[in-house]
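Okay, structure first, notes after.
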Amino acid sequence: MLKKLTKAQQDSILEHAIEEFGDKGLSKTTVSSIAAASGVSVGVIYKYYKNKEDLFQACLNYSMEMLGRVLEEAIRDSASFREAVERLVHVCRIFPESHKGYIRMYHAITMKSAADHAVDFAKKIETISARTYETMFSKAKAAGELSAEIDSHAFAFFFDNLLMMFHFSFGCDYYEERLRIFLNCGDGAPPDGDGLEHALVTFLCAAAGIRS
């Protein structure tokens, strides 16, 4: 009989699975490769997940829980609009440093077709961000930081698009190279992360009508 895993051990399997899915994609990832990376047997994984697709869904749910915590932290307490933007932008830059697999897995999901449950994935993932920004913008409007005339839904869409691309620029090979090209910093040259954060915060706040 297989020994029951602790919560930490189960989380470790999900963390390693996310890395595998992020690097190889769903079709090329195998349960055996996840088991090897996690240091457990294939049988242990099948004790908790029916198949690879079930494990992938668990990874998605796990990453969404983390996303929710990260976004909630960014708009916590009495943060002003600018402070919340600064926190969100900073997280978008540093998160890939230790969780690159999450970014690559998410990027892979955005490339899926409707047949691959893309619509379901979008509803689950993007609803979290949309609700966070709705709360953030409503709070800023109530505080007089944002004009009541701003269309919160449209602005949230544009706002998230910029954050998402910024996020990808530190976690996906294509977008990392794209960033270097636009910055004209040469092959392999590291971008000025702090400078980019400041530039994006300034741009987003200016778009919202906040220039101080």
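None of the figures in this text is laboratory data; all of them are computed from the coordinates on show. This is a predicted model, so every value here is computed, not measured. Glycine gets a Cβ as well: all are built from the backbone with ideal geometry, and neighbour counts include every protein chain shown.
Over 31 Å between Cα atoms: which of Lys100/Lys141; Lys4/Lys123; Lys24/Lys50; Lys24/Lys139; Lys4/Lys52; Lys100/Lys123 fall into that group?
Numbers: Lys100/Lys141 34 Å; Lys4/Lys123 33 Å; Lys24/Lys50 20 Å; Lys24/Lys139 41 Å; Lys4/Lys52 20 Å; Lys100/Lys123 22 Å.
Result: Lys100/Lys141; Lys4/Lys123; Lys24/Lys139 exceed 31 Å.
Using only Cα atoms and rounding to the nearest 10 degrees, what angle (0 to 90) does helix 173-183 make with the longest principal axis of the chain?
Helix 173-183 and the main axis of the chain meet at about 20 degrees.
Let me spell out the model: positive unit charges on the Cβ of Lys and Arg, negative unit charges on the Cβ of Asp and Glu, origin at the Cα centre of the range 11-160. What dipole size does that give, in debye rounded to 20?
Numbers: 18 positive and 22 negative charges, 70 e Å.
Using Cβ point charges on Lys, Arg, Asp and Glu, the range 11-160 gives about 340 debye.
Compactness ratio of the range 23-90: Cα Rg over 2.2 N^0.38 Å, N = residue count? Don't skip to the answer; put the middle values down first.
On the way: Rg = 17.5 Å, N = 68, 2.2 N^0.38 = 10.9 Å.
Rounded to two decimals, the normalised Rg is 1.60.
Once the dipole of the range 117-212 is set up with Lys and Arg at +1 and Asp and Glu at -1 on Cβ about the Cα centre, which of Tyr175, Met164, Ala148 lies farthest towards its positive end?
So the residue we want is Ala148.
List the GluC sites (Glu not before Pro) in the range 90-199 that DSSP assigns to loop (not H, G, I, E or B) and whose Cβ has at most 15 other Cβ atoms within 10 Å. Which are they? Don't skip to the answer; put the middle values down first.
Numbers: sites: Glu97, Glu126, Glu134, Glu145, Glu149, Glu176, Glu177, Glu197; in loops: Glu145, Glu149.
Qualifying residues, ordered by number: Glu149.
Running a GNM on the chain with Cα contacts under 10 Å, which residue among Gly101, Gly171, Gly195 ends up with the highest mean-square fluctuation?
Gly195
Hey, what number do you get for the chain at 222 nm if only DSSP H runs of n ≥ 4 count, each worth -39500 (n - 2.57), divided across all residues, to the nearest 500?
-25000 deg cm²/dmol
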